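The numbers here are math on the coordinates, done by the rules we state, and not lab data. Note that the structure is a prediction, hence the values are computed from the model and not measured. FYI the Cβ positions are ideal-geometry reconstructions off the backbone, even for glycines, and counts take in every protein chain you see.
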Amino acid sequence: LDAVLAKIEKKQSAAQAWQSTIDARANAMAKLNDPLLAGRAAVIPDVGYRVLRLLMGSDDQRVSLPDHPVILIAEDLSPSDTASLGRGKVLGFVTSPGGPTAHSAIIARALSLPAVVSIGEGVLELENLTTVILNGSTGTLTIEPDAAALGTAQAQQQALQTAMSDAQKTAGQPATTRDGHHVEVVANIGGVADAEKAAASGAEGVGLLRTEFLFLERTTAPTEQEQFEVYRAIVRAMEGRPVIVRTLDIGGDKPLPYIDVAPEANPFLGERGIRLCLNRPELLRKQLRAILRAAEFGPLRIMFPMVADLSEWRAARDMVAEVRAELNAPQVELGIMIEVPSAALMADAFAKEVDFFSVGTNDLTQYTLAMDRMHPSLAGKSDGLHPAVLRLIARTVEAAHAAGKWTGVCGELGADPQAVPFLLGIGVDELSVSVPAIASVKAQIRSLTLEDAQQLAERALASGTAAEVRKLSP
Ligand code: PEP
Ligand code: MG
């Protein structure tokens, strides 16, 4: 608004001042390499367009849909169009471009709406009111199915709905296998609203608070007080359940306009996560002060991202000790993310010093397989169930347990139903998943036995490819 008002004072029209400011902000956001954050960039032009329509006095042209349930096929959907679908008669949607982390896909996941993206332009040729089967699990669209295929799909749909509502009913119960092994199921969150939903959805805590969300869409870093208030609100929302706060994970791939990083040829291999924070100690110190002040209000743990080397962990740990002494703050547990292969390989050395590990399978997969996690044509191969990734997780768990510590998984793999039995069998102690996935992950764990999972894990670790591992999945 400040930027818009400044332009209006320089005699630009309100509409022009508004639109040029929106365009500049959207361009800056779209350059962020993080799929989640870049996906959020799509909100800005969308909101901008809505305000512009009001400024211009135009009518609000909403998508008009037939008054019976439909599957929507679109070239693309704006985030606000997608958000409005959940309340209407749309059973699911298909877009011809898009990606699994595009904003429409993120919103669809939050609404539990089946969706298939990036299906190709041919789909736009379909006639209105063609009968189709949309399967979001397999990513397929069956055109003009016969009666038998329709019957099978309807039976599958019914079974899935029953399983989901059964899972919701038991979301508050612990995730204990049939042979009595408990796995902690906790939430990945980005802010206070997510924490409130997590607490109501059966989460036993927060396994990953991505604090970078507090730093986005602003022109300056949040103050210590602002950060403290958010962390305190989250701890309070979780009502005594533990909350793992991950320190700022930005860098070449997730730049912030107010943090100067020199241009890098390979931002994923550049100044990221803890590396960036240790090079800007005041930024980290301020965040640690806010977190440690909030620790007075409930059980907080601190986790450092992108740790590749013991010296980074030790520098971060020492800074926590200094800040804690300054504030006379309570003792908090400290852990690291295992998302760089060097940290997994050195897990025995780390395990002697840290309180816990949490495996970031999104990054661990990209660094182990040398496949950019956002690369559209590598998406099919960049699979966290690759035996190389599983071996690194197994090594981490073994090192943690030998030292009496625990290991969680907070990457997307933790909510993949095909992956859950393997992670359990490898000995992972905690799964941290998106809020809508909590109930079903807990229900799945309750349907398994640790013994079967261990046998499966052994076979997975001896497999040659991710595809072979997926074939083993029950
Ligand atoms: C990960 O890398 O798996 C992770 C959980 O962190 P992020 O997705 O925020 O990089
Ligand atoms: Mg990561």
* What nm value, rounded to one decimal, do you get for the distance between A155 and R317 when each label is placed 7 Å out toward the C-beta? -> 5.7 nm
* Percentage relative contact order, the chain, counting C-alpha pairs under 8 Å, at least six apart -> 12 percent
* Structure fact -> The farthest towards the positive end of the charge dipole of the chain, of the residues V94, L111, A15, given +1 on Cβ of Lys and Arg and -1 on Cβ of Asp and Glu, is A15
* **Net charge contributed by nearby residues that have their C-beta within less than 12 Å of L278 (K/R +1, D/E -1)** => +1
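Under a Cβ-only charge scheme (Lys and Arg +1, Asp and Glu -1), can you give me the dipole magnitude of the chain about the Cα centre, in debye to the nearest 20?
On the way: 44 positive and 57 negative charges, 139 e Å.
Dipole about the Cα centre, nearest 20: 660 debye.
Roughly how many debye, to the nearest 20, is the charge dipole of region 285-356 about its Cα centre, given +1 on each Lys and Arg Cβ, -1 on each Asp and Glu Cβ, and no other charges? Present the calculation step by step, with values, prior to reporting the outcome.
Details: 9 positive and 11 negative charges, 61 e Å.
Charge dipole of region 285-356: 300 debye, to the nearest 20.
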* To do: Report, ordered by chain and residue number, the lysines lying within cross-link reach of K286, taken as a straight Cα distance under 22 Å and ignoring same-chain residues fewer than 8 apart.
  => K254
* **Proximal lysines to K471, defined as alpha-carbon separation beneath 30 angstrom and excluding residues fewer than eight positions away on the same chain** => K381, K442
* Asked: For labels at A325 and Q225 in the simple 7 Å Cα→Cβ model, what's the distance in nm?
  -> 2.8 nm
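Note the full-extension length gain between K471 and L91 as 0.36 nm times their separation in residues minus their Cα-Cα distance, in nm to one decimal.
Length gained, K471 through L91: 133.8 nm.
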* Structure fact -> Farthest towards the positive end of the dipole of the chain, among I250, P421, Q454 and with Cβ unit charges of +1 on Lys and Arg and -1 on Asp and Glu, lies the Cα of I250
* To do: Would you mind telling me the antiparallel percentage of the DSSP bridges in the chain, rounded to 5?
  => 20 percent
* To do: Measure out, as a whole number of angstrom, how far apart the alpha-carbon centroids of region 152-175 and region 333-347 sit.
  => 35 Å
* Run through the DSSP bridge list for region 111-263 and note the antiparallel percent, rounded to the nearest 5. => 55 percent
* Structure fact -> A correct Karplus calculation of ³J(HN,Hα) over region 264-274, with 6.51 cos²θ - 1.76 cosθ + 1.60, θ = phi - 60°, whole Hz and x for Gly and Pro, returns 10, 6, 10, x, 5, 9, x, 7, 10, x, 5
* State the answer as a single residue: which of V320, A351, A308 lies farthest towards the positive end of the charge dipole of region 284-400, with beta carbon charges of +1 for Lys and Arg and -1 for Asp and Glu, about the Cα centre. => V320
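Given the -39500 (n - 2.57) contribution per DSSP H run of 4+ residues, what per-residue ellipticity at 222 nm results for the chain, rounded to the nearest 500 deg cm²/dmol? Show your work: numbers first, answer last.
Details: 21 runs with 218 residues, N = 474.
So the calculated ellipticity at 222 nm is -13500 deg cm²/dmol.
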* Asked: Counting other Cβ atoms within 10 Å of each Cβ, which trypsin sites (Lys or Arg not before Pro) in region 298-379 have at most 12 and sit in a DSSP loop?
  -> K352
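Given charges of +1 on the Cβ of Lys and Arg and -1 on the Cβ of Asp and Glu, with all other atoms neutral, how large is the dipole of region 304-403 about its Cα centre, in debye to the nearest 20?
Details: 8 positive and 14 negative charges, 61 e Å.
The calculation lands at about 300 debye.
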